Structures are given as C-alpha cells and as structure tokens.
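Only one structure is covered here, and it is reproduced in the block below.
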Amino acid sequence: MKYEKLTEKLTQYMDAGFPILYLNTFEEKLAMEILEKAARNAGRTDLVQWSLTGGYSRYSLQKREYVVPPSGCSFTKLAELVDFEEYDRSLFVIRDVSAVLEDAAAVAYLKELAIRISTDTECSIVLLSPVLKIPKELENLVTILEMDYLTEEDIRENIRTFCREQSVTVSQQLLHEMAVGFRGLTDSEITGILSLALSEDGELTRKDMALIFEQKQQKIRKSGILEMVPLKERLEDIGGLEVLKEWLKRRAAVMKDLGRAERYGVDAPRGVLIAGVPGCGKSLSAKAAADLFQVPLLRMDMGRLLGKYVGESEENMRRALALAEAVSPCVLWVDEMEKAFSGISGNSGGAEVTTRLFGNFLTWLQEKKAPVFVVATANDITRLPPEFLRKGRFDEIYYVGLPGTAERRRIFEIHVNKRRPGDAGAIDWDRLVKETGGYSGADIESVVRDSIESAFVAGREGVTTEDMLVSIRQTHSLSEIMKEPIEQMEKIYERNKFKNASR
Ligand code: ADP
C-alpha cells in the first residue's frame with residue numbers, strides 16, 4: 001500500500017492524543033485520502049473540515065455522508081459554530097493554513113482547541129499546507145509530518161497505471177529508467193510529466209527522459225531547498241588535482257556498483273570535504289564527481305535554508321536531506337559550507353540555529369543509509385567548527401591550493417582547447433606558465449577568455465601567446481590580492497594534515 005508509513009504514523013499520533021499535526025504537502029487531494037484512512041484506523045467518527053473556499057463541513061466516517069455539507073464560513077466563526085463537546089472523536093482538518101495563521105484571533109482559537117484536546121477529548125487537528133509556518137504560540141503543540149517520498153516500486157506502479165489508462169506501452173528497460181528518473185517527485189508531478197510527454201507525440205519513448213530530467217530540475221528548484229545542477233563538466237576538464245581525481249575514480253567504482261560493493265564488505269561512500277583557495281577547482285570537482293558517478297547533482301545552499309520562523313531552518317534542512325535521499329543515488333553538493341556556519345561561535349539567536357543545523361547535518365552524515373555522496377566545499381576553513389574537520393566525519397578532507405607549474409599548463413590547455421582548439425598548436429605554454437605563478441584556475445580561465453576576445457576584436461585569425469601575455473599583465477592574480485590569507489590557510493592545512501588534492 002502506498003503511503004503506508006505516513007498512514008500508520010498519523011494513526012499512532014491520533015491514538016496518542018497529539019493535539020495538532022502539521023502535514024506539510026502540496027498533494028492535498030492525496031493527503032485527504034490518507035487522512036480519512038488514518039482517521040478510520042484511529043476510530044474517529046467524523047471528519048470536520050475547513051478551507052478558505054469551501055468553508056466548514058462535517059462528514060460522518062461511519063455513514064459516509066455529510067452531516068453538515070460544505071458551507072462558507074470564516075475560520076474564526078467556526079469557534080461560535082462548533083460546540084466542541086459534541087465533536088469528541090472527530091478529526092479536524094484545516095486547509096489553507098497560511099491564511100488562518102496570519103490572524104491572531106484564529107491562532108488563539110487553535111491554541112484553545114489544542115489545549116482542550118490535550119486535556120479532555122479524543123480529537124485531533126491536522127493543519128494541511130504546502131508551506132511550513134508555525135507561529136510561536138503553537139510551537140509546543142504542533143507535530144510536523146511530511147508525506148513519504150514514493151518508493152521506486154510505487155513509481156513504477158504509477159507509470160503502469162498511467163500507461164493502462166492511456167493505452168500506451170513502455171518497455172521494461174524504459175519503465176526502470178523512468179522510475180529512477182522520477183525519484184523524489186510526487187504522484188501528481190509524475191502524472192503531470194507523463195501527460196506532457198505523451199501529449200507531445202502520442203507515445204512514451206527514451207527521448208522523453210530529457211523532458212523528465214528537465215521537469216524534475218524545475219520541481220526541485222521550486223521546492224526552494226535544493227537545486228539540480230546540469231552536468232556539463234567532466235573529470236578531464238579539471239587541470240591538475242590528480243590525487244583528488246584518482247580518489248574520486250575509486251569512489252566511482254563503488255558508487256556505480258553499490259549493492260555488490262556492500263556485499264563484498266566495502267563501506268558505502270559518505271563524502272568528501274574539499275577546502276581551499278577560491279577559483280581552484282572545488283566546485284568543478286563536485287560537478288565532475290556527479291558526472292563520473294553518473295548520478296544527478298543536487299546543490300544545497302546553506303544560506304537559503306535559514307528561515308525566519310521557529311524551527312523552519314531545521315525543517316528545511318530535514319526536507320532537503322530527505323529529498324536528496326529520495327533522489328539518491330546522487331551527489332549532494334554543499335556549497336560554501338562556511339557561509340552558514342560562520343556565526344556559529346557568536347551568541348546571537350542565529351548562531352544557535354546554525355549550531356543545531358550543523359549538528360543535524362553531521363548526525364545525518366554519520367547515519368544516512370541512502371547512497372547520497374556529499375561533496376562539501378569551503379573557501380575558508382577557519383570559519384568551520386572543529387568537529388567538522390574531525391576524521392571520520394567525511395571519508396576524506398582535501399586541500400586545494402594554487403596550481404603548480406604542470407597544473408597551470410594543463411589548465412591553460414583545457415581552456416584554450418575548449419574555445420580555440422585550432423590555435424593550441426602554436427602556443428608557447430612554458431612562457432605562459434612562467435608568467436602566471438600565483439594565478440588561480442579561475443584567473444587562468446579569465447586570461448584565456450580575455451585574450452581570445454582581444455584577438456577577435458583586433459580582427460586576428462586566432463589567439464596567440466602574445467595576446468595572452470598582454471592579458472596576463474593586465475590581470476591581478478589571486479595570490480596578489482589575497483597573499484596573507486592564503487599563506488595563513490596553507491599553514492592550517494599543513495597543521496591539520498589534510499591531504500593535498502594535487503600531490
Ligand atoms: P572554486 O574552487 O572556488 O569552487 P571553481 O571550481 O568554481 O572554483 O572554479 C571557477 C572556474 O575556474 C571554473 O569554472 C573553471 O573554469 C576554472 N578553473 C578553476 N580551477 C580549475 C582547474 N583546476 N582546471 C580547470 N579549470 C579550472
């Protein structure tokens with residue numbers, strides 16, 4: 001049965017007399033079906049509903065009919081309308097919760113109801129909403145629940161049902177690929193995407209995978225907590241960082257064959273922290289890792305997780321991690337990790353939240369069962385709390401420094417070959433490398449980009465070493481701009497014995 005876990009949990013919470021349950025979901029129709037089932041399991045007699053458009057109604061679960069049909073009424077009016085004693089053993093479902101919770105009188109009424117439920121009735125209130133927003137007054141009375149993500153088998157069943165209803169067929173192989181592609185999406189999203197794919201040409205084929213991917217990307221972005229990053233970069237696009245690249249290749253062998261690796265006795269890869277100088281290929285490595293593992297890349301922006309309501313940040317983090325698990329196998333890229341944790345040692349309320357968030361993240365990292373490979377990147381490791389750097393949290397911690405001579409040469413070659421492969425033969429790489437000590441990978445990329453633009457504007461056939469030398473002279477290298485912080489950081493890396501990504 002689908003959503004078995006959620007139905008069971010709801011039943012248990014109702015049995016145990018939890019006064020307010022907050023069901024956080026976009027799938028209202030489905031949620032109502034689940035709630036009705038759970039209410040029956042918990043022996044509730046009536047389903048009392050309120051919504052902005054439908055107003056108030058009361059449905060008898062035994063007679064399966066309305067005792068009071070939907071009739072418009074404001075939420076606060078409900079307080080006068082409903083004699084609470086008479087509603088013992090009912091389930092109250094309040095929809096359009098965000099509108100209700102804006103109103104102080106409505107919040108006060110909810111609170112009163114909740115307190116009465118805790119003391120002398122067997123009722124429960126479920127708040128149903130796609131956004132999570134709990135006023136401080138209700139904080140202690142509310143328990144948050146979330147729809148489970150669909151299992152791959154559920155998704156396969158959805159696709160089969162859709163195909164039956166639409167009289168189309170898909171091969172077993174495509175069914176499997178689609179089911180993997182749809183992981184992390186809800187029932188109605190899946191049906192929506194399938195309908196869209198079918199309406200284009202009347203059939204479901206492998207070329208619809210691109211549509212699935214694109215739609216999924218949008219849905220994940222809309223969730224506001226994670227972003228699905230398109231994979232363009234490959235391992236070969238990284239100049240240098242050979243040690244890190246070799247390490248990633250080993251992980252790829254495990255990630256691509258997880259079941260067998262685990263049976264063999266190999267630990268499931270947890271993830272890696274890549275720290276170091278900005279513009280030297282940390283993000284590039286996160287992207288290339290996902291490409292190498294052949295799994296989607298989800299980016300988590302810590303700054304965006306921080307919410308303004310009580311518990312919102314933790315809830316966002318929980319949702320983000322649950323979504324990553326649902327989409328797994330995947331790479332979860334936690335970008336510029338230190339940004340979120342920078343206030344951690346301060347004593348403002350914000351620091352408290354980040355400390356908790358950070359604790360939640362570490363616990364999850366330690367205990368996660370799903371194949372989510374974490375790539376955390378950080379420019380300034382001094383702003384990360386020491387627990388983070390302790391051995392065993394991540395599989396490994398790598399330090400990325402400014403590229404050495406051989407690495408700079410590779411980076412020049414990569415970027416010239418990307419844009420003007422025909423010009424590469426005549427370039428004096430040694431000259432360029434000699435003139436660019438202290439330049440980051442990003443600096444080198446911008447030298448190549450600018451010199452190609454100059455060559456174009458000057459109307460020349462191709463870009464030359466000379467164009468690049470001019471551009472080098474005009475560029476302030478990173479080490480010029482950040483000499484001291486870089487030196488300081490290097491000392492810290494050495495002291496902590498982090499592995500060097502390059503050698
Ligand atoms: P960060 O270390 O700050 O995450 P990025 O990986 O985003 O830096 O690098 C920024 C850009 O600089 C990349 O998109 C890439 O074009 C270039 N770059 C940086 N390092 C390298 C490298 N080692 N090899 C090739 N390109 C690089």
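The values are calculated or read from the model by the stated rules, or taken from the named source; none is laboratory data. None of the values given here were measured: they were computed from a predicted structure. With ideal geometry, Cβ positions are generated from the backbone for all residues, glycine too; neighbour counts draw on all protein chains shown. When the accessible area is computed, the model is the full protein with side chains, heavy atoms only, and any ligands, DNA or RNA have been set aside. Shrake-Rupley method; radii C 1.70, N 1.55, O 1.52, S 1.80 Å.
Assorted remarks:
- Taking the inverse of the mean 1/r over every pair of distinct Cα atoms in the range 5-157 gives a Kirkwood hydrodynamic radius of 15.6 Å.
- Approximating the spin labels as points 7 Å out from Cα along Cα→Cβ, the GLU214-to-ARG449 distance works out to 2.6 nm.
- The value for the chain of Rg(Cα) / (2.2 N^0.38 Å) is 1.19.
- Summing charges over all other residues whose Cβ lies under 12 Å from the Cβ of THR169, with Lys and Arg as +1 and Asp and Glu as -1, gives +1.
- Computed log₁₀ I(q)/I(0) - Debye formula, equal Cα scatterers, no solvent, the range 302-460, q 0.12, 0.15, 0.17 Å⁻¹: -0.72, -0.87, -0.97
- Accessible surface computed residue by residue for the range 428-503, with neighbouring protein chains in place and a 1.4 Å probe, gives 62 Å² per residue.
- Annotation note: GluC sites (Glu not before Pro) in the range 162-206 located in DSSP loop regions with a Cβ neighbour count of at most 15 within 10 Å are GLU203.
- Binned Cα-Cα distances of the range 104-190, short to long, each 10 Å bin given as a whole percent: 14, 31, 16, 18, 16, 5
- Residue-span extension gain [LYS222 to GLU102] - 0.36 nm each, minus C-alpha spacing: 40.9 nm
- Helix screen, the chain: DSSP H segments with Cα axial length of 15 Å or more and mean Kyte-Doolittle hydropathy at least -1.0 are 28-41, 104-120, 187-201, 208-222, 242-255, 282-293, 312-327, 349-367, 441-457.
- Orientation-averaged projection of the range 400-503 equals 6.7 nm² [convex hull of Cα atoms, one quarter of hull surface area].
- Other residues with beta-carbon under 10 Å from the beta-carbon of MET337 carry, at +1 per Lys or Arg and -1 per Asp or Glu, a net charge of -2.
- Rounded FRET efficiency, nearest 0.05, which uses the C-beta distance separating GLU262 from TRP429 and R0 of 35 Å: 0.20
- Nonlocal amide H pairs with LYS499, under 5 Å, H built at 1.01 Å: ILE397, TYR399
- Beta bridge orientation in the chain: antiparallel %, DSSP, nearest 5: 25 percent
- Contour excess over end-to-end distance, with Cα ends at SER60 and LEU362 and 0.36 nm allotted per residue: 104.1 nm
- A crude spin-label estimate for the pair GLU122 and GLN172, with each label 7 Å from Cα along the Cβ direction, gives 4.9 nm.
- Cβ-based charge dipole, the chain, positive-most Cα from TYR3, VAL463, THR382: VAL463
- Heavy-atom accessible area per residue - the range 193-314, 1.4 Å, Å²: 47 Å²
- Dimensions of the range 249-339 from C-alpha coordinates, computed as largest minus smallest value along each principal axis and given longest first, are 45, 31, 19 Å.
- Solvent-accessible area, 1.4 Å probe, carbon plus sulfur percent, for the range 319-430: 49 percent
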